[in-house]
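Below: one structure, written as structure tokens.
The values are calculated or read from the model by the stated rules, or taken from the named source; none is laboratory data. All of these numbers come straight from a predicted model, not from anything done at the bench. When we count neighbours, we look across all protein chains shown, and the Cβ atoms used for this are built from the backbone with ideal geometry, even at glycine.
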Amino acid sequence: MTGPARLREVARSATSDATRRKVSRTLSWAESRLPGGDRAVPKFKRVLRRVESAVRKASTEPSTLPKWNTERTEQPVNPEVPVALTGVESFRSEWFPRAGPRPWLDRPDADAAISRRERIGEITPFEAALCRKWSRDGYVIVEKMFADEMLDYVWSAYDGAIDRGVLKPPPEIQFPGDKTPGRLLDPHLSVPEIADLMHDQNLGHVVNMLLGAESAPFQSISGHKASQQAIHGDSIHMTTYPEGYLVAMWIAFEDIHPGSGPLEFYPGSHRLPTVYSADVGIPEEAFKARGYRDFDDKYTPAIREVIATRGLEARHFHAGKGDVLFWHANLLHGGSARTDFLHTRRALVFHFFAKGCICYHDLAASVSRVHVSA
Ligand SMILES: O=C(O)CCC(=O)C(=O)O
Ligand SMILES: [Fe+2]
């Protein structure tokens, strides 16, 4: 039997939906590596061995992988006070109406709504648990959402684009002789494998469920190593009208070592008032004139103050490879300090927003690229 045909055979014998999905992704990966698909190369044999062992394991253990209700569909957001993109005076939060709707899990009746939807079968018990967690803590972690082979495939395409000079991440040197590339905005625009991952059905499904609205991806950030970014809420960088229809996700491309500078976040902080540029006295022209200076001088200390006065406690995303952390637009988070220079922290961050909203950058006072190109 030829390689991919053998894999298909293995896939058919898989016992759980999740394993079948995993195997079929691995299969696409193998096929894309083997045009024509009928030569058994060592790499392919390695993939096959992994798939076979995944199938064997799945047939002896109950599946712990998520149960999604993929039949549910969500609609775009319908603003209570319509605002035309062309009529916006300035893309800063203070120029938009204080109007809803709010995302369903941010409303005071969220718990009752989750139970009702679970009872009538609109969401599975697993999904209901995620929704409860999101409503209370402003984040959820879905373990092993992606198979190792899939992540290796995407990352090698990204590294390939860097090697060919198509992408040029900044060096962001963290120690003398540091050769690991820094972070890059929107690599999905030049690496189709990243764009495909961004459109993964399950990622979209989770975001749609959390927002209660049909969503679309709009931004990606790639990084080989710690960001050490100061604690912030994403809303000051990018937000929506109506407010709150944005979800970010952090996909671990390797097991994350505690010393590598893991993502740090503050459970429950999403319920505090959103801090925008105007709230900390950053004028509209500041970003164009001075870049991040006002952000560093005014916003960052204000957030530190919120954390201290409220006594918020930090958690760190000690992810396994393939784990995904989804977080709320207003959850305080950042990159913790890197204490170990041996370990990288390979990850992709995607930001999604709900269709029907205007997505804009409050600090930069500009509209999002997706709206310019739409
Ligand atoms: O990766 C990190 O350390 C922080 C990422 C982040 O804050 C973001 O992309 O919004
Ligand atoms: Fe962020």
Open item on the list: Six or more apart or on different chains, Cβ atoms under 8 Å: show the pairs whose first residue is in the range 297-316 and exposed (fewer than 12 other Cβ atoms within 10 Å of the Cβ) and whose second is not acidic (Asp, Glu).
Closed with: Glu313/Tyr266; Glu313/Pro267
- [ ] Output the number of residues of the range 337-354 satisfying the condition of being more than 14 Å from ligand 1 (Cβ to nearest atom), in contact with a Phe, Trp or Tyr (Cβ under 9 Å, 6 or more places away or on another chain) and not in a strand (DSSP E or B).
- [x] 1
Task: the range 208-225, residues that are modelled with pLDDT of 95 or more and part of a strand (DSSP E or B) - done: Ser215, Ala216, Pro217, Gln219, Ser220, Ile221, Ser222, Gly223
Task: Options Gly244, Gly177: the member that is without any contact (Cβ under 8 Å) to a residue 24 or more places away in the chain and of a type in the set (Gly, Ala, Ser) - done: Gly177
TODO: Please work out if Glu118 is assigned to a helix (DSSP H, G or I) and free of Cβ contacts under 8 Å to residues at least 24 places away in the same chain.
DONE: yes
TODO: Quick one: count up the residues across the range 226-249 that are within 12 Å of ligand 2 (Cβ to nearest atom) and either assigned to a loop (DSSP other than H, G, I, E, B) or not assigned by TED's automatic domain parsing to the domain that holds Phe287 (or both).
DONE: 7
Task: Those residues of the range 289-334 which are part of a strand (DSSP E or B), more than 12 Å from ligand 1 (Cβ to nearest atom) and among the aliphatic types (A, V, I, L, M), in sequence order - done: Val324
Task: Which numbered condition Gln229 misses (of (1) within 13 Å of ligand 1 (Cβ to nearest atom); (2) over 25 Å from Thr300 (Cα atoms); (3) of a type outside the set (Gly, Ala, Ser); (4) touching a Gly at 6+ places or on another chain (Cβ under 7 Å)) - done: (2)
Task: Odd one out for Glu214 among (1) under 30 Å from Arg117 (Cβ atoms); (2) within 14 Å of ligand 1 (Cβ to nearest atom) - done: (2)
